[in-house]
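Everything on this sheet refers to the single structure shown next.
The values are calculated or read from the model by the stated rules, or taken from the named source; none is laboratory data. This is a predicted model, so every value here is computed, not measured. Glycine gets a Cβ as well: all are built from the backbone with ideal geometry, and neighbour counts include every protein chain shown.
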Amino acid sequence: MPDATVIPVLGYDDVRAAVAWLCDVLGFTERLRIGDHRAQLVYGDGAIVVTGRSAPASASVMVRVADAHAHHDHARQRGATITQPPTDFPYGERQYSLEDLGGHRWTFSQSLADVAPADWGGTLLT
């Protein structure tokens with residue numbers, strides 16, 4: 001298993017096509033292939049599992065990136081469906097979102113500043 005503590009499992013109609021797309025467009029690396037029905041992909045210290053679809057897409061995944069603009073440009077150049085362009089938020093993050101070929105929503109987030117939650121309306125509980 002990958003070292004990540006939380007590993008989302010995302011279903012796709014065509015696992016091999018999804019793996020190719022996620023690696024090419026989003027920058028994942030395939031770590032393990034299990035036949036044509038399952039694969040483990042890694043990105044930095046995070047990971048996902050790609051599997052055959054058993055239900056309609058409803059997952060949303062957030063990935064931390066070093067440069068949201070560069071990641072956005074790479075994905076857009078490869079035909080990704082961008083649902084929100086890079087936007088700076090008051091909580092110190094620059095984020096953009098897209099929908100992948102399986103209908104899953106992805107948000108890519110770049111930390112710009114360490115802003116106290118009280119400064120943008122949040123409440124830190126721990």
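Summary table
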read-out: Selection status of D88, closer than 15 Å to F28 by Cα and of a type in the set (D, E); value: no
read-out: For V9: the one exception among (1) under 16 Å from W106 (Cα atoms); (2) at pLDDT below 90; (3) surrounded by 15 or more Cβ atoms within 10 Å (Cβ to Cβ); value: (3)
read-out: Members of the range 72-93 found to be at pLDDT 95 or above, surrounded by fewer than 19 Cβ atoms within 10 Å (Cβ to Cβ) and either among the basic types (K, R) or not in a strand (DSSP E or B) (or both), listed by number; value: D73, H74, R76, Q77, R78, G79
read-out: Positions within the range 13-30 being touching a residue at least 24 places away in the same chain (Cβ under 8 Å) and surrounded by 15 or more Cβ atoms within 10 Å (Cβ to Cβ), in sequence order; value: V15, A18, V19, W21, L22, V25, L26, G27
read-out: Residues being in a loop (DSSP other than H, G, I, E, B), among the aliphatic types (A, V, I, L, M) and over 21 Å from S97 (Cα atoms) - total across the range 1-55; value: 3
read-out: Residue in the range 95-110 that is surrounded by fewer than 14 Cβ atoms within 10 Å (Cβ to Cβ), of a type in the set (D, E) and part of a loop (DSSP other than H, G, I, E, B) present; value: no
